[in-house]
Every structure is written in structure tokens, then in C-alpha cells.
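**Q** Below is the structure I would like to discuss, written out as C-alpha cells.
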Amino acid sequence: MWFLRRMLGIPWTAKKTNERVLNEANKRRSLVRTIRKRQATFLCHVMRRGKLEHLVTTGKFEGKRSNGRQMEKIMDGLATWLGSGKVSDILAAVKDRDLWRDLIANAYKQGT
């Protein structure tokens, strides 16, 4: 944001929100989309190899859960980002490259 403010010549004393600065620059936030896209490509890579990372990503751990709010899993975040309600649908789509590419392209175009 500081870079856009500097390019547009907005002083630091001006009370403008980040959204307003983005609108003036005709830009959109893209960090979350980039992170999700990289997570999806990594997941696809791991699922195709089928080794230890595959087991860790899809398996369950024995023992008790920790107290407090549970951390969001990468698979759940990708399921919501890709528009698929189930993790099993994503795991099935990874096997078909064309379907996987279409899912990623559609999710990336729609944004976050």
C-alpha cells in the first residue's frame, strides 16, 4: 500500500482507506489468490507422487486434539476456494489433470 500511496502522491496525513487507494489505482488485492494457487499446485504435486507427503495430507493422526479453536486445514481452505464442498472431490480431481487445471483456472478468475 505504501508504494501505491507514494506513486499517487497521497500524503500520510490523508485519511484514505486502503480500499479507496486501490480503487484510485485500479488495482485489486491478489496476495490471497496467489497463495491459494500455489497451495493448489503443491497439493497436486504431492498427491500425484503418493509418498509420505500424501499420507500426511490425507491421513489422520492418533491422539487427542488440542484445546481451543482448531487450525484451518489446507485441504478445507482449498475446498472452499475451488468451490467444491468436499475434500474427497478435490482428491478425485487431482487424478485428472484437465479437470484439475479447469478447477484452478476458474477459481483464480473468480478471485477471493
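The values are calculated or read from the model by the stated rules, or taken from the named source; none is laboratory data. From a predicted model like this one, the values you see are computed outputs, not experimental measurements. Reconstructed Cβ throughout: ideal geometry from the backbone, glycine too, with neighbour counts over all protein chains shown.
**Q** If you check K37, K27, which single one turns out to be closer than 27 Å to L78 by Cα and in contact (Cβ under 8 Å) with a residue 60 or more places away in the chain?
**A** K37
**Q** Of the residues in the range 1-53, how many are acidic (D, E) and within 30 Å of L91 (Cα to Cα)?
**A** 1
**Q** Return the residues of the range 42-56 that are modelled with pLDDT of 65 or more and either surrounded by 12 or more Cβ atoms within 10 Å (Cβ to Cβ) or on the phi > 0 side of the Ramachandran plot (or both); say none if nothing qualifies.
**A** F42, L43, C44, V46, M47, R48, G50
**Q** When only residues in the range 1-35 that are among the hydroxyl-bearing types (S, T, Y) and either farther than 22 Å from T80 by Cα or outside any loop (DSSP other than H, G, I, E, B) (or both) count, which is modelled with the lowest pLDDT?
**A** Per the stated criteria, the residue is T34.
**Q** Still on this structure, please answer the following. For the structure I just gave you, tell me whether R38 is within 23 Å of the chain's Cα centre (by Cα), within 18 Å of A107 (Cβ to Cβ), assigned to a loop (DSSP other than H, G, I, E, B) and modelled with pLDDT of 80 or more.
**A** When the stated conditions are applied, R38 does not pass them.
**Q** Considering only residues of the range 1-24 that are exposed (fewer than 11 other Cβ atoms within 10 Å of the Cβ) and polar (S, T, N, Q), which is nearest to M75 (Cα to Cα)?
**A** This residue is T17.
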